[in-house]
Each structure stands twice: as structure tokens, then as C-alpha cells.
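Worksheet: one structure, shown below.
The values are calculated or read from the model by the stated rules, or taken from the named source; none is laboratory data. Everything quoted here is computed from the prediction, not taken from an experiment. Reconstructed Cβ throughout: ideal geometry from the backbone, glycine too, with neighbour counts over all protein chains shown.
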Amino acid sequence: MHSFGYRANALLTLGVTVLALMCAMASLSDNINVPSPSANVQVLNVNWFQKQSNGNDEVSLTLNVSADLRSMFTWNTKQVFVFLAAEYETTKNSLNQVSLWDGIIPSKEHAKFSIHTTNKYRFTDQGSNLRGKEFNLTLHWHVMPKTGKMFADKIVMTGYRMPEEYR
Ligand SMILES: *[C@@H]1O[C@H](CO)[C@@H](O)[C@H](O)[C@H]1NC(C)=O
Ligand SMILES: *[C@@H]1O[C@H](CO)[C@@H](O)[C@H](O)[C@H]1NC(C)=O
């Protein structure tokens with residue numbers, strides 16, 4: 001009896017050790033995964049561009065948002081939240097950030113996409129600074145894991161410019 005109990009205990013200890021080792025290796029493999037996402041956004045059309053009665057510029061854009069975020073998905077990825085922001089400088093603020101579109105990617109199968117859309121959220125300036133303004137479009141993402149820490153990163157796409165005149 002005594003020796004059986006001892007062996008069962010030793011077996012249990014081994015089992016727990018193997019399980020702990022497997023967990024450590026799994027979480028290590030998740031950290032080793034280096035995502036190589038790509039993104040590309042085209043402004044297909046400026047639908048309209050106006051100074052509102054409150055004096056603030058507002059523009060409506062049609063965008064083609066393409067991205068391949070499949071490399072972010074590992075066994076440990078629950079979902080990925082993405083948002084596209086227009087970023088530009090004004091004399092008042094060194095960074096103005098306007099969210100234009102966002103989405104939740106539930107799985108790797110949905111992580112390569114091309115979306116033809118007008119801006120989902122209003123693109124307004126706090127003032128009338130948008131005419132001829134250079135801006136960046138930045139795709140931000142937050143990877144929500146099943147276990148462990150959330151992480152965030154972005155791709156900056158440069159070289160966009162607003163029209164010189166309202167239309
Ligand atoms: C959107 O961009 C993707 C990738 O650059 C391209 O394949 C697709 O034809 C574009 N769609 C439109 C409507 O321009
Ligand atoms: C656009 O991004 C580039 C690279 O990060 C940065 O140097 C530049 O200042 C940005 N331009 C604007 C208008 O925010």
C-alpha cells in the first residue's frame with residue numbers, strides 16, 4: 001500500500017511538471033511569433049469637403065482599406081481590434097488624430113480583407129485647417145489574447161493630402 005501511494009504521488013508530480021512545461025513552451029511560442037502585417041489604404045474619392053456653419057472643416061472620403069493581419073493570429077489570439085485614424089499636425093496641436101473606421105477581426109480567416117467604405121466616423125477638424133493639409137493614415141491594432149497581456153501596434157501610411165479647395 002505504502003509503495004503504491006508513493007508511486008501514484010510521483011506520477012502526479014511528473015504529470016504536473018509536464019503540464020507546467022507545456023504551458024511555458026506554449027506561451028513562449030506565442031512570444032516568439034513575430035507578426036508581419038501589411039496594410040494599404042487608398043483614398044478613392046473625396047465625396048465632399050466643406051466648412052461647417054460652426055467654422056470647422058469636415059470631409060467625407062471613400063476609402064479602400066486593405067490589410068493582411070493573418071500573421072497576428074496564433075493559438076492564443078482571441079480577436080484583434082483595428083482602427084484607422086487620420087493623423088495630421090496643426091499649429092495648435094502637434095498631433096490631431098481622427099478615427100475614421102474600425103472593426104473587430106474574430107479569426108484568422110477574416111484577417112485578410114479589402115473594404116470599400118466611406119469614413120464610418122466624422123472626419124472633422126477643430127477649426128479650418130484641412131485645406132491642402134498633408135496627413136497620414138494609420139492602422140492601429142490591439143491584439144486580445146486568450147491568456148496573457150494585450151498588445152498594440154500600428155502601421156503608418158504617409159503621403160496623403162487634402163484638396164486645396166472646398167467642394
Ligand atoms: C483595394 O485595394 C486592393 C489592394 O490594394 C485592390 O486589390 C483592390 O482592387 C482595391 N479595390 C478598389 C475598389 O479600388
Ligand atoms: C507621418 O508619419 C511620418 C512617419 O511616422 C512622420 O514623420 C510625419 O511627421 C507624419 N506626418 C504627419 C502630417 O503627421
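If only residues of the stretch 152-166 that are surrounded by 13 or more Cβ atoms within 10 Å (Cβ to Cβ) and under 20 Å from the mean Cα position of the chain (by Cα) are counted, the one that is farthest from residue 106 (Cα to Cα) is 160. The set of residues from the stretch 136-145 being of a type in the set (S, T, N, Q) and within 16 Å of ligand 1 (Cβ to nearest atom) is empty.
Taking residues in the stretch 138-149 that are closer than 21 Å to residue 97 by Cα, and partners anywhere that are surrounded by 14 or more Cβ atoms within 10 Å (Cβ to Cβ) and charged (D, E, K, R), the pairs with Cβ atoms closer than 8 Å and at least 6 places apart or on different chains are 138/87; 138/154; 139/154; 140/154; 141/154. Cβ-Cβ below 7 Å, separation at least six or inter-chain, first residue in the stretch 76-104 and within 12 Å of residue 143 (Cα to Cα), second modelled with pLDDT of 95 or more and of a type in the set (Val, Ile, Thr): which pairs? Between residues of the stretch 76-104 that are within 12 Å of residue 143 (Cα to Cα) and residues that are modelled with pLDDT of 95 or more and of a type in the set (Val, Ile, Thr), the close pairs are 77/143; 79/104; 79/105; 80/105; 80/143; 81/104; 82/105.
The number of residues in the stretch 49-81 being within 19 Å of the chain's Cα centre (by Cα) and more than 16 Å from ligand 1 (Cβ to nearest atom) comes to 11. A single member of 118, 74, 124 is surrounded by 12 or more Cβ atoms within 10 Å (Cβ to Cβ) and modelled with pLDDT under 95, and it is 74.
Taking the listed residues 103, 148, 132, the one that is of a type in the set (Gly, Ala, Ser) and within 16 Å of ligand 1 (Cβ to nearest atom) is 103, with no other qualifying. Regarding the stretch 110-118, can at least one residue be identified that is farther than 30 Å from residue 22 by Cβ and either away from ligand 1 (no atom under 16 Å from the Cβ) or in contact with a Phe, Trp or Tyr (Cβ under 7 Å, 6 or more places away or on another chain) (or both)? Yes: one or more hits. Taken together, 129, 119 contain a single residue that is touching an Asp or Glu at 6+ places or on another chain (Cβ under 7 Å) and polar (S, T, N, Q), which is 129.
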